[in-house]
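K.L.:
Below is the structure I would like to discuss, written out as structure tokens.
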Amino acid sequence: MEKMTKYSPSEIEAQWYTYWMDHNFFASTPDHRTPYTIVIPPPNVTGVLHMGHMLNNTIQDVLIRKARLQGYNACWVPGTDHASIATEAKVVAKLKEQGIAKQDLSREEFLEHAWAWKNKYGGVILEQLKKLGCSCDWDRTAFTMDPKMSESVIKVFVDLYNKGLIYRGNRMVNWDPEALTTLSDEEVIYEERQGLLYYISYAISGTDATLTIATTRPETIFGDTAICIHPEDERFTHLHGKKAIVPICGREIPIVLDPYVDMEFGTGCLKVTPAHDVNDKALGEKHGLEIIDIFNANASLNANALQYEGLDRFEARKQVAKDLDLGGFLIKTEPHLNKVGTSERTKAVIEPRLSDQWFLKMEELAKPALKAVLEDQEIHLFPKKFENTYRHWMENIRDWNISRQLWWGQQIPAFYYGPTKEDFVVAETAEKALSLAQEKSGNKNLSLADLKQDEDALDTWFSSWLWPMSVFNGVLEPENEEIQYYYPTNDLVTGPDILFFWVARMIVAGYEYRDTKPFTNVYFTGLVRDKQRRKMSKSLGNSPDALKLIKDYGADGVRVGLLLSAAAGNDLMFDEALCQQGKNFANKIWNGFNLIQSWEVADIPQPEAAKIAIEWYREVFNKTLLEIEDHFSKYRISDALMAIYKLLWDDYSSWLLELVKPPYQQPVDRETKNQLLHLLENNLKILHPFMPFLSEDLWQKMAVRSPEEALIVSTWPKSAKEVNNALLSDFETAQQIVSGVRTIRKEKQIPNKEVLDLFQFSETETSHTMNAVVEKLANLNPVQQTQAPVAGALSFRVASVEYFVPIAGAIDVSAEIKKVTDELHYTQGFLKSVEKKLANERFVSNAPEKVLAMEKKKQSDALAKIETLKQSLVYLKG
């Protein structure tokens, strides 16, 4: 075995990642084995590694490495998402630094800049994932705007259009005035913000009367085209058939009657602005009202706002309110808590806006996806609680606005050939579009030059909803070998925040295009928060530098630190101390191996203690392995790691190694060394998915191994279905005896090197099989049986057996008598409280069987302890 130095994560991480890559251990091609497939949730091409990525991808790597060890053909497909809004914003900002405005460029010129930016910065996050140890098949790296990916998106758009599921309509949409594009309803985040409610007086035309409306947006009065009142509101019967005058601009607008108005809310009079509110638009359509748009695309006011043209909407709000007040129109203002829609991506306040957009009808498409999860259970969500969220989304699904006013993304394949907005055809290529346009128009003289493609790009999610299929080219070639072999994929690991954006839509697409699920299990991670439960963000400055964490604690240490407190679906309260705990764990395992390596080997008999210890550890390993398998089956990944952590920290390091360790400067027997190394190999196999670098390094240091014998492609241990619980129970008893002796040593400050006697007193026959274990660990002379209590000794009880440690002259007898007396009084009081509970008939008849059994055990334990303490007093008093 190789000589070892101090544990240095950075050295071994670079070494073994290169080794794995050089030998193509991450690569997968279809073969005779059962596939195990994961597709990565593609991070934004603009992204850099943050804590959420670290958690999500660590879990995926754990699953893929375990599957690889289990003999599956493990395929983890990496890639990035083109992220239309985020990337376009980055490119626009970069051009601005160079003094170039987007509007001064043609689409083709802008896209040249965008691709240049992507090619320079786009792969950063994938390179960072390698630092974490992610074992993706990097040769399969995909990008949502790769040629075949884009071709797949366009093909699906054309297909859905031809099925009558995609349509173009003039709708009220969510407009992001910063990104200058529409957003789907799901991309709008609603926040409560403190604002003002403005009470404004409108004159009634031809009279001295007025009416009052209340609004949070006085700047929109220039878009008012009616005042609406309830037809049964007796306060305003005198206004029926009248007209109101909009303040400042002096324009007359009708007063209309509609039961939509809530007579109890506000003043009972509602200003109607059809161009800027979805409900007002419905009223406008019903009453045939004029539509006046007062906003430019960037949410500044346009010429319809008169002298306020060019002002930002929030600046205009202040100015209009000031002028209303000066003109005597502003009656009062009140504080008002308002729900404001904001852009998930840019954080800008959303502006409702009428616009021609492309929509996908979702109601029918969603039905198979809803059934697959909630009825047929073909797809399982972990934790199960997210099924309710899924049900809510899918049962209340609305048509999906799939067009975006951007250039970076797949351009909508609609081609206009005539003067009206209805003169268009949809086709995969301009050549196919020309043929369709000639046919639809009846004009055979149309040429490619007459066609103008729709300027909008498709929503980024419209490409990523095809991801599990498109990465295997399953849209363009639905019968190809790879899609048939790898699809459906097995597990998807993602965040609950994109349950609808991405997960639900992938399920929809899977049933529409392959009539089957895209994956079997979806594991939702929690959000990574700081110790104060705040979401990590750049603005709060509470998001650690992921790469610095890896540098400081090692990739394995960070992986363990994240997973130890990352229960499925629950938010992770991240504390850097967790990474230190992970690093300490790595050091513990490293030092344990260093200890084994330092032992000389001799052909001598195997000690009884070592023989028992190895037999015991095989059983405790098997029991833990069964627990680990159960945790994995329920996607309790952190629980699986915790089971391994306890096994290696406690059972292996604290008990097994101590038991097999030879006496100081003495050799270890060959049998023990060989058996111990075999146990260590199994430890490393179950540790490998969680701590790949450390485990591979120790594995390779144990023996000279060929690439085919590398740990990454080794074999997951097989568990025996039966556990020898009798052996485990006997060893646990031995551990309690050892702990009892160690407690006496500690309390009486008796050095560990001092050999003690131990007497065992029991009225029934007791087992002696573990005496060698007790004698080795507690540093005892051979354990002796006694027919009577030992005078002048300290005692402790394990189950029904009493143990005595003679320590004549080593203690203050009077102080010991006081201590034992105090403990006796406390235990008698505790027994009294338990017996009172058991004497309560109501408690006994209503308590669950387990609770009742626990109380009775407390009673019997307390009685036994009282008897032991009384006996101790007898012995101490001589």
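K.L.:
Given a 1.4 Å probe, how much area per residue of the chain is accessible, in Å²?
P.N.:
Per residue, the chain has an accessible area of 46 Å².
K.L.:
As a test of the formula, what do you get for the chain when each DSSP H run with n ≥ 4 contributes -39,500 (n - 2.57) and the sum is divided by the residue count, at 222 nm and rounded to the nearest 500 deg cm²/dmol?
P.N.:
Rounded to the nearest 500, the figure is -13500 deg cm²/dmol.
K.L.:
Then there is this: Would you mind counting up the charge near Leu434? Only other residues with Cβ under 13 Å from its Cβ, with Lys and Arg at +1 and Asp and Glu at -1.
P.N.:
Numbers: positive: Lys432, Lys440, Lys444, Lys452; negative: Glu428, Glu431, Glu439, Asp450.
Local net charge: 0.
K.L.:
Taking 0.36 nm per residue of separation and subtracting the Cα-Cα distance, what length does fully extending Lys339 through Gln453 add?
P.N.:
37.2 nm
K.L.:
Let me ask something additional. Compute the FRET efficiency between Thr420 and Gln484 as 1/(1 + (r/R0)^6), taking r as their Cβ-Cβ distance and R0 = 45 Å, and round to the nearest 0.05.
P.N.:
For Thr420 and Gln484, the calculated efficiency is 0.50.
K.L.:
Which FRET efficiency, nearest 0.05, do Asp575 and Arg670 yield, Cβ-Cβ r, R0 51 Å?
P.N.:
With R0 = 51 Å, the Cβ-Cβ based efficiency is 0.70.
K.L.:
With +1 on the Cβ of every Lys and Arg and -1 on the Cβ of every Asp and Glu, and nothing else charged, how large is the dipole of the chain about its Cα centre, in debye rounded to the nearest 20?
P.N.:
Dipole of the chain, to the nearest 20 debye: 2180 debye.
K.L.:
For the stretch 156-215, which trypsin sites (Lys or Arg not before Pro) are both in a DSSP coil and crowded by at most 11 other Cβ atoms within 10 Å? Don't skip to the end; give the middle numbers.
P.N.:
On the way: sites: Lys163, Arg168, Arg171, Arg193; in loops: Lys163.
Sites meeting the loop and neighbour criteria: none at all.
K.L.:
Same structure again: Evaluate 2.2 N^0.38 Å with N set to the residue count of the stretch 1-89, then give the Cα radius of gyration divided by it. Present the calculation step by step, with values, prior to reporting the outcome.
P.N.:
Values: Rg = 16.7 Å, N = 89, 2.2 N^0.38 = 12.1 Å.
Expressed relative to 2.2 N^0.38 Å, the Cα Rg reads 1.38.
K.L.:
Along the charge dipole of the chain, pointing to its positive end and built from +1/-1 on Cβ of Lys, Arg, Asp and Glu, which listed residue (Thr237, Val773, Pro544) has its Cα farthest out?
P.N.:
Of Thr237, Val773, Pro544, it is Val773.
K.L.:
Here is a further query. Starting from the 7 Å offset along Cα-to-Cβ, what nm value, one decimal, do you get for the label separation of Thr769 and Asp258?
P.N.:
Distance between the two pseudo-spin positions: 8.4 nm.
K.L.:
Here's another thing I want to ask about it. Averaged over all directions, how much area does the convex hull of the C-alpha atoms of the chain cover when projected, in nm²?
P.N.:
52.4 nm²
K.L.:
Roll a 1.4 angstrom probe over the protein heavy atoms and tell me the percent of accessible area of the chain that is carbon or sulfur.
P.N.:
Carbon and sulfur together cover 50 percent of it.
K.L.:
Right, something else. Out of the trypsin sites (Lys or Arg not before Pro) in the stretch 526-606, which ones are loop residues according to DSSP with at most 13 other C-beta atoms within 10 Å?
P.N.:
Those satisfying the criteria are Lys531, Arg533, Arg534, Lys538.
K.L.:
Report the residues of the stretch 311-331 in range of a label on Ala101: point 7 Å along Cα→C-beta, backbone N strictly under 20 Å from it.
P.N.:
Those under the cut-off are 311-313.
K.L.:
Pull out the extension gain between Glu867 and Glu364, defined as 0.36 nm times the separation in residues minus the alpha carbon to alpha carbon distance; nm, one decimal.
P.N.:
Length difference between fully extended and current span is 173.6 nm.
K.L.:
Next question. Kindly identify the stretch 317-441 as rounded, prolate or oblate by the Cα gyration tensor criterion: order the square roots of the eigenvalues as a ≥ b ≥ c, call it rounded if a/c is under 1.5, otherwise compare a/b with b/c, prolate if a/b is larger, else oblate. Don't skip to the answer; put the middle values down first.
P.N.:
On the way: a/c = 3.08, a/b = 1.21, b/c = 2.54.
Because a/c hits 1.5 or more and a/b fails to exceed b/c, the stretch 317-441 counts as oblate.
K.L.:
Taking R0 as 45 Å, what's the FRET efficiency between Asn296 and Lys371 from their Cβ-Cβ distance, rounded to 0.05?
P.N.:
According to the calculation, E is roughly 0.50.
K.L.:
Using a/c under 1.5 as the rounded threshold, could you call the stretch 610-660 rounded, prolate or oblate? The axes a ≥ b ≥ c are square roots of the C-alpha gyration tensor eigenvalues, and prolate needs a/b larger than b/c, oblate otherwise.
P.N.:
oblate
K.L.:
Using a 7 Å offset from the Cα along the Cα-to-Cβ direction at both Gln859 and Asp185, what is the distance between the two label points in nm, to one decimal?
P.N.:
6.1 nm
K.L.:
What length, rounded to one decimal in nm, is gained on full extension from Val844 through to Leu595, with 0.36 nm per residue of separation minus their alpha-carbon distance?
P.N.:
Stretched out fully, the Val844 to Leu595 stretch lengthens by 84.2 nm.
K.L.:
What shape does the stretch 453-605 take by its C-alpha gyration tensor, where a ≥ b ≥ c are the square roots of the eigenvalues and a/c under 1.5 counts as rounded, a/b above b/c as prolate, and the rest as oblate?
P.N.:
Judged from the Cα gyration tensor, the stretch 453-605 comes out oblate (a/c at least 1.5, b/c at or above a/b).
K.L.:
Report the label-to-label distance for Ala703 and Tyr121 in nanometres (one decimal), using points 7 Å from each Cα along the Cα→Cβ vector.
P.N.:
5.1 nm
K.L.:
With respect to the cross-link table entries Lys661/Lys721; Lys548/Lys583; Lys673/Lys721; Lys243/Lys286; Lys588/Lys646, which display a Cα-Cα separation exceeding 21 Å? Numbers along the way, then the final one.
P.N.:
Values: Lys661/Lys721 30 Å; Lys548/Lys583 14 Å; Lys673/Lys721 27 Å; Lys243/Lys286 18 Å; Lys588/Lys646 12 Å.
Result: Lys661/Lys721; Lys673/Lys721 exceed 21 Å.
K.L.:
If I fit a long axis through the Cα atoms of helix 278-287 and take the longest principal axis of the Cα atoms of the chain, what angle between them do I get, 0 to 90°, rounded to 10?
P.N.:
For helix 278-287, the angle is close to 30 degrees.
K.L.:
Counting other C-beta atoms within 10 Å, and keeping those with at most 14, which DSSP coil GluC sites (Glu not before Pro) do you find in the stretch 730-793?
P.N.:
Here the sparse-neighbourhood loop sites are Glu754, Glu763, Glu765.
K.L.:
What percent does the relative contact order of the chain come to when contacts are Cα pairs within less than 8 Å and at least six residues apart?
P.N.:
Averaging sequence separation for qualifying contacts and normalising by length gives 12 percent for the chain.
The values are calculated or read from the model by the stated rules, or taken from the named source; none is laboratory data. Since we're looking at a predicted model, the values are computed, not measured. Cβ sites come from the backbone with ideal geometry, for glycine too, and all protein chains shown count toward neighbours. Each accessible area value is taken on the protein alone, full model and side chains, heavy atoms only, with ligands, DNA and RNA left out. Shrake-Rupley method; radii C 1.70, N 1.55, O 1.52, S 1.80 Å.
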